[in-house]
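Visitor: Let me begin by handing over the structure; questions about it come next.
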Amino acid sequence: MNQTRSAALQEADRLMTVCNACRYCEGLCAVFPAMEMRRFFGDGDLNYLAHLCHQCGACYTDCQYSPPHAFNVNVPAALAKLRNESYEAYAWPKSLSGAFERNGVVVAVVSALSVAAFVIGFVAFENPAVLWDRHAGSFYALMPHNAMAALFTAVTLYVIVALTMSLRAFWRDINGGSRVGLEAIGRATADTAHLTYLHGGGGGCTSEDEKPSPARRIYHHLTFYGFLLCFAATCVGTLYHYVFGWPAPYPPYSFPVVLGIIGGIGLLVGPAGLFVLARQRDPILTDRPHRGMDTAFLLMLFLTSLTGLLLLILRDTGVMGILLALHLGVVLGLFLSLPYGKFVHGLYRFLALAKYAREKKSGAIVE
Ligand code: SF4
Ligand code: SF4
């Protein structure tokens, strides 16, 4: 065994070796078939398996070697710990990897500073009364469109570079840098869209009462599609502005607003549901010290949606200015924290699923 390995890698290696001898759980998810085609587990193999795990809990409740058995097998918690450790290992730039460790505090500080910056910016651009004036829904009376677009474009470019570098490091580690075909990417996209492996072997994720339930998968779907619809609303708004010359605000029945409303509702219900389920879940299934990272991401998604919907409802009133500062500040905080928070989990999982699809196609994995 590699003596420099972290405790999380050593524990995952131990458990995968036990599971490889047992194989009782091979039908539950993608982790076990992928594990079975290996006799030894390098660091990249273990990180790959960790990101295939959806932490449904099924293999813990089914396991005859889970605590208090002396083998102390707890695959969901061990792989969750390894996943959280890997986020830091692949972060770019390395100097910011510590943001994962104290994620809740970092996200709170960045968001608060972002909101404050917008409030101060609006006041500096106009005058203090601008925050409480009625602007007939015109956001650009508070901040010129070009300034808003330049700020978010710069942040988006940084986020894309940081995420690309992190994903590259992950892919090299789990796959040695070799290519993956379009078919595998298509399969991974379908598995991501359906959350195929969040069924926990059929009934869904197990909770504190050990009964499988589809609730966690449903809330994941609402969060995922809510996020995509809100992103689509922003893209359509951008298209309207630059291609058709139609500036915001758009009427309630317009395409971007309808997309934003449906997506926004998904982004309220999904994160709220996931937060409640996480509170109810048996903590033994989780990596307890890092639960703050999940909470911070869910809270940011929820606040992004809440402030966006409030802004839509109250955009013709005197609180529009302060709501716009709040919404833009929260969105900026969310964007800045994307490469250093739970968001990366979805991207790593996608690459792990692509590798899994390729291994399956090559015949190395038989489900
Ligand atoms: S989790 Fe337990 S029951 Fe499942 S394969 Fe591993 S050792 Fe066997
Ligand atoms: S927790 Fe669920 S997804 Fe993770 S290894 Fe166990 S059965 Fe598979």
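The values are calculated or read from the model by the stated rules, or taken from the named source; none is laboratory data. These figures come from a predicted structure and were not determined experimentally. Here Cβ is always computed from backbone atoms with ideal geometry, including for glycine, and neighbour counts include all displayed protein chains. To get the accessible areas, we keep the full protein, side chains included, count just its heavy atoms, and leave off ligands, DNA and RNA. Shrake-Rupley method; radii C 1.70, N 1.55, O 1.52, S 1.80 Å.
Visitor: Name every residue in segment 159-178 that is open to solvent by 30 Å² or more (accessible area, probe 1.4 Å) and over 23 Å from F41 (Cβ atoms), in order of residue number. Give the steps one after another, and end with the answer.
Guide: Taking segment 159-178 first, the residues open to solvent by 30 Å² or more (accessible area, probe 1.4 Å) are 160-161, 164-165, 167-169, 171-173, 176-178.
Selection gives I160, V161, T164, M165.
Visitor: What are the residue pairs meeting all of these: first residue in segment 7-29, first residue at positive phi, second residue crowded, with 21+ Cβ neighbours inside 10 Å and not β-branched (V, I, T), Cβ atoms under 9 Å, and 6 or more apart or on different chains?
Guide: The qualifying pairs are R23/F32; R23/M35.
Visitor: Let me ask something additional. Before we move on, is D316 under 22 Å from T206 (Cα atoms) and of a type in the set (D, E)? Full working, then the answer.
Guide: Working: under 22 Å from T206 (Cα atoms): no; of a type in the set (D, E): yes.
It is false that D316 is under 22 Å from T206 (Cα atoms) and of a type in the set (D, E).
Visitor: Any residue that is modelled with pLDDT under 95, near ligand 2 (Cβ under 10 Å from one of its atoms) and surrounded by fewer than 23 Cβ atoms within 10 Å (Cβ to Cβ) - is there at least one of those in segment 15-25?
Guide: Looking through segment 15-25, at least one residue is modelled with pLDDT under 95, near ligand 2 (Cβ under 10 Å from one of its atoms) and surrounded by fewer than 23 Cβ atoms within 10 Å (Cβ to Cβ).
Visitor: Next question, about the same structure. Among (1) open to solvent by 70 Å² or more (accessible area, probe 1.4 Å); (2) of a type outside the set (A, V, I, L, M); (3) within 18 Å of H327 (Cβ to Cβ), which single condition is W246 missing?
Guide: So W246 meets the others, but not (3).
Visitor: Just for helices (runs of 4 or more DSSP H) wholly inside segment 41-119: which have at least 3 residues that are buried (at least 23 other Cβ atoms within 10 Å of the Cβ) and modelled with pLDDT of 95 or more? Break it down into steps so the answer makes sense when it comes.
Guide: Numbers: elements: 43-52, 58-61, 75-90, 98-101.
Result: 43-52, 75-90.
Visitor: Just wondering, is there one or more residues in segment 210-232 that are of a type in the set (A, V, I, L, M) and in contact with a His (Cβ under 9 Å, 6 or more places away or on another chain)?
Guide: Here is the first cut: in segment 210-232, the ones of a type in the set (A, V, I, L, M) are 215, 218, 222, 228-229, 232.
Remaining after also requiring in contact with a His (Cβ under 9 Å, 6 or more places away or on another chain): none.
The answer is no; no qualifying residue exists.
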